[in-house]
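Below is one structure, written out as structure tokens; the observations come after it.
The values are calculated or read from the model by the stated rules, or taken from the named source; none is laboratory data. Because the structure is a prediction, the values reported are computed rather than measured. Neighbour counts run over all protein chains shown; Cβ positions are idealised from the backbone, glycine included.
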Amino acid sequence: MKKQILILACAIGLLNMSCEEYLDVNTSPNNPTSDNVPANLVLAGAMETIFPTQSNTMNRLGNAFMNTWGPNVNSFTGGFADEFSLAVDNTFYSGIWDSLYLGISPFQSIINADGSTYNNHKAIAMVMKSFYMQYIVDLYGDAPYTQAFLRGENLTPSYDNDMSIYMALMTQLDDAIALIEGQEGAIVGNEDIMFEGDMGNWKRFANTVKLKMLVRLSTKAQAGTDAALTTYVADQFAALDQDFVSQDVTINPGYSDDSNDRLNPFYRTYGFDNEGNVSTTNNFIRGSEHAIQFLQGTSTGTSDPRLGLIYAPNSSNQFVGIQQGEDNAATDLSGLGTGLLVAPSQDGYVMTGAESFFLQAEARFHGYLPGNPEESYNAGIQASFDLLGAGSSVAYAGNAGVSYAAATNKIEAIMTQKWIAVNGINAIESWIDYTRTGFPIVPLPTSAQFSDKPNRLMYPNSEYSGNAANVPTQTQADAFSTKIFWDN
């Protein structure tokens, strides 16, 4: 049934693009189009169209910036050159901006639907819009929002202040929760390729997205430079429903090996085609020396059971990584492991249970939520073990180099374990966490042209050509010297 829904979503041309063209960024994000179809027919295609931007493009950037991936220098030349030199410009990963805006638009069309018939679908669309719009702010700062999704009514939307967008998204999540609690509208069925119509899970996901945003906001609130924000964050945490997701938030419209366009998008890009042939990208991606050695216990003194699931042993049955920036390797290098590349039909991960627990651990450490941060920290490690199939984490988490109780810097411990948990899955989270906390500390590539990673991405050329009157002027230096509002 899920396959049929996705096929229908593609057939009616939700975004004037085929399902094989997930990352086509040639269409202006300021003028997306969709057919006037009922919300229940739009939902599945909207979810699946935007997801590969997260699982493939954003994930790749996070893994490059946070020193978990490198290139197979034995077979390729010049891999990750821009990422490792930190050559951020208006073309650098421009597909993130373009594809996120294009992908958010159909959620807005659901939200705009007349009447209350599809209130549950509207609530889901509000949560998804908030989830992905947050990434626009986290990666770029100020952005079009109030005028961004008016289509032909406004092709040159003005830019909103990044903090004001965050506040608007928080309100939108509250509105989504209110719609769910109102229990009006058509029942959501198999068109929901994430929770299969379980609105209780959607409420938990909304609570968790709010938690993530509040944790980001708390970074600025703790600085004490904005009294109103400090009060707002404290009040929001106090009112926050603490029924958060405890399992992985997954997406699966019916992934299979029936054909290449039915494969899980991560598996297809980073693994194999539907006949089991290794993809070019699979041959290209190798584990970084830093990450592999860390998992082997060089820093913690504790070997991590997840090593052989995140990375694959080389032809000599050893785990060997490449130092980022180096252009030669003495031996065969380790690729991606079986915990990441499971099967053509594997679920996609929108948010992992581990992310939820580590967010709770951070909030509890700072006193924003009641409860024991160590319990949340340990639950996050176990959730990561569960996702990868690594068994029990009790012995591992009890070692001195991993133990929360033994950690002299609790935030560094949380961010380090989160870095491991999102490795290869949703690694953009780790870069965003690094920009606001400074952890985990990872080595820069040997080819880096700057002394630290950038704080943000630059607005793409599509904005300077299509929205020149509104897009802020930026230089490359701005990507390193200016920060997203929650880090100021």
Practice task
Show the residue pairs that are 6+ apart or on different chains and have beta-carbon atoms under 8 Å apart, the first residue being within the stretch 91-103 and modelled with pLDDT under 95, the second being among the aromatic types (Phe, Trp, Tyr) and buried (at least 23 other Cβ atoms within 10 Å of the Cβ).
Solution key: none
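How many residues does the stretch 295-305 hold that are surrounded by 20 or more Cβ atoms within 10 Å (Cβ to Cβ) and either at pLDDT below 95 or in a loop (DSSP other than H, G, I, E, B) (or both)? Even if it seems obvious, please write down each step before you answer.
We begin by selecting, within the stretch 295-305, every residue surrounded by 20 or more Cβ atoms within 10 Å (Cβ to Cβ); these are 295, 304.
Pick out the ones that are also either at pLDDT below 95 or in a loop (DSSP other than H, G, I, E, B) (or both) and you get 304.
Number of matching residues: 1.
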Fill in the blank from the handout: Conditions (1) assigned to a loop (DSSP other than H, G, I, E, B); (2) at pLDDT 95 or above; (3) closer than 28 Å to Thr117 by Cα; (4) not charged (D, E, K, R) -> Met170 fails only (1)
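Before we move on, is Pro253 over 30 Å from Gly141 (Cβ atoms), surrounded by 22 or more Cβ atoms within 10 Å (Cβ to Cβ) and touching a Gly at 6+ places or on another chain (Cβ under 9 Å)? Before you say what the answer is, go through the steps one by one.
Details: over 30 Å from Gly141 (Cβ atoms): yes; surrounded by 22 or more Cβ atoms within 10 Å (Cβ to Cβ): yes; touching a Gly at 6+ places or on another chain (Cβ under 9 Å): yes.
Yes; evaluated as a whole, the condition is true for this residue.
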Completion exercise
Inside the stretch 306-328, the number of residues satisfying the requirement of being touching a Lys or Arg at 6+ places or on another chain (Cβ under 9 Å) and not in a loop (DSSP other than H, G, I, E, B) is 2
Exercise for the section: Please tell me if Ile177 is closer than 26 Å to Thr49 by Cβ, within 21 Å of the chain's Cα centre (by Cα) and in contact (Cβ under 8 Å) with a residue 40 or more places away in the chain. Expected result: no
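For residues that are closer than 20 Å to Lys122 by Cα and crowded, with 22+ Cβ neighbours inside 10 Å, tally how many sit in the stretch 205-244.
Filtering the stretch 205-244 for residues closer than 20 Å to Lys122 by Cα gives 205-210.
Checking which are crowded, with 22+ Cβ neighbours inside 10 Å leaves us with 205-206, 208-210.
Counting residues in the stretch 205-244 that are closer than 20 Å to Lys122 by Cα and crowded, with 22+ Cβ neighbours inside 10 Å gives 5.
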Completion exercise
Note: among Glu191, Glu153, Glu196, Glu184, just one is touching a helix residue (DSSP H, G or I) at 6+ places or on another chain (Cβ under 6 Å), surrounded by fewer than 18 Cβ atoms within 10 Å (Cβ to Cβ) and not β-branched (Val, Ile, Thr), namely Glu184
Completion exercise
Restricting the stretch 268-294 to residues that are of a type in the set (Val, Ile, Thr) and over 14 Å from Asp257 (Cα atoms), the one surrounded by the fewest Cβ atoms within 10 Å (Cβ to Cβ) turns out to be Thr280
Practice task
Would you confirm whether any residue within the stretch 350-359 is assigned to a helix (DSSP H, G or I), closer than 22 Å to Leu295 by Cα, at pLDDT 95 or above and out of contact with any helix residue (DSSP H, G or I) (no Cβ under 7 Å at 6 or more places or on another chain)?
Solution key: no
Practice task
Check the stretch 225-235 and report whether any residue there is at pLDDT below 95, closer than 30 Å to Leu369 by Cα and among the β-branched types (Val, Ile, Thr).
Solution key: yes
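Quick grid of which residues meet (1) part of a loop (DSSP other than H, G, I, E, B); (2) out of contact with any helix residue (DSSP H, G or I) (no Cβ under 6 Å at 6 or more places or on another chain); (3) of a type in the set (A, V, I, L, M, F, W, C):
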| position | (1), (2), (3) |
| --- | --- |
| Ala413 | no, yes, yes |
| Ser430 | no, no, no |
| Gln449 | yes, no, no |
| Ala469 | yes, yes, yes |
Exercise for the section: Please verify whether the stretch 18-30 includes one or more residues that are modelled with pLDDT under 95, in contact with a strand residue (DSSP E or B) (Cβ under 8 Å, 6 or more places away or on another chain) and not in a strand (DSSP E or B). Expected result: yes
Exercise for the section: Mind listing whichever residues of the stretch 445-461 are within 22 Å of the chain's Cα centre (by Cα) and among the hydrophobic types (A, V, I, L, M, F, W, C)? Expected result: Leu457, Met458
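In the stretch 40-77, what residues are among the aliphatic types (A, V, I, L, M) and either part of a helix (DSSP H, G or I) or closer than 22 Å to Gln346 by Cβ (or both)?
First pass over the stretch 40-77, keeping only residues among the aliphatic types (A, V, I, L, M): 41-44, 46-47, 50, 58, 61, 64, 66, 73.
Listed by number, the residues that qualify are Leu41, Val42, Leu43, Ala44, Ala46, Met47, Ile50, Met58, Leu61, Ala64.
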Exercise for the section: For the stretch 448-471, name all the residues that are surrounded by fewer than 14 Cβ atoms within 10 Å (Cβ to Cβ), within 29 Å of Thr437 (Cβ to Cβ) and of a type outside the set (Ser, Thr, Tyr). Expected result: Gln449, Asp452
Completion exercise
Here the qualifying pairs (Cβ atoms under 7 Å; residues six or more apart or on different chains; first in the stretch 462-482 and within 24 Å of Ala148 (Cα to Cα) and at pLDDT 95 or above; second among the polar types (S, T, N, Q) and in a helix (DSSP H, G or I)) come out as Ser462/Ser94
Exercise for the section: Please name all residue pairs, on different chains or six or more residues apart, with Cβ atoms under 9 Å, provided the first residue is in the stretch 364-376 and is closer than 18 Å to Asp241 by Cβ and the second residue is surrounded by fewer than 18 Cβ atoms within 10 Å (Cβ to Cβ) and hydrophobic (A, V, I, L, M, F, W, C). Expected result: Tyr368/Ala234; Tyr368/Ala238; Tyr368/Leu240; Leu369/Leu240
Handout entry: Residue within the stretch 45-52 that is hydroxyl-bearing (Ser, Thr, Tyr), buried (at least 24 other Cβ atoms within 10 Å of the Cβ) and at pLDDT 95 or above present
Key = yes
Practice task
From (1) closer than 30 Å to Pro443 by Cβ; (2) under 15 Å from the mean Cα position of the chain (by Cα), pick out the condition that doesn't hold for Ile104.
Solution key: (1)
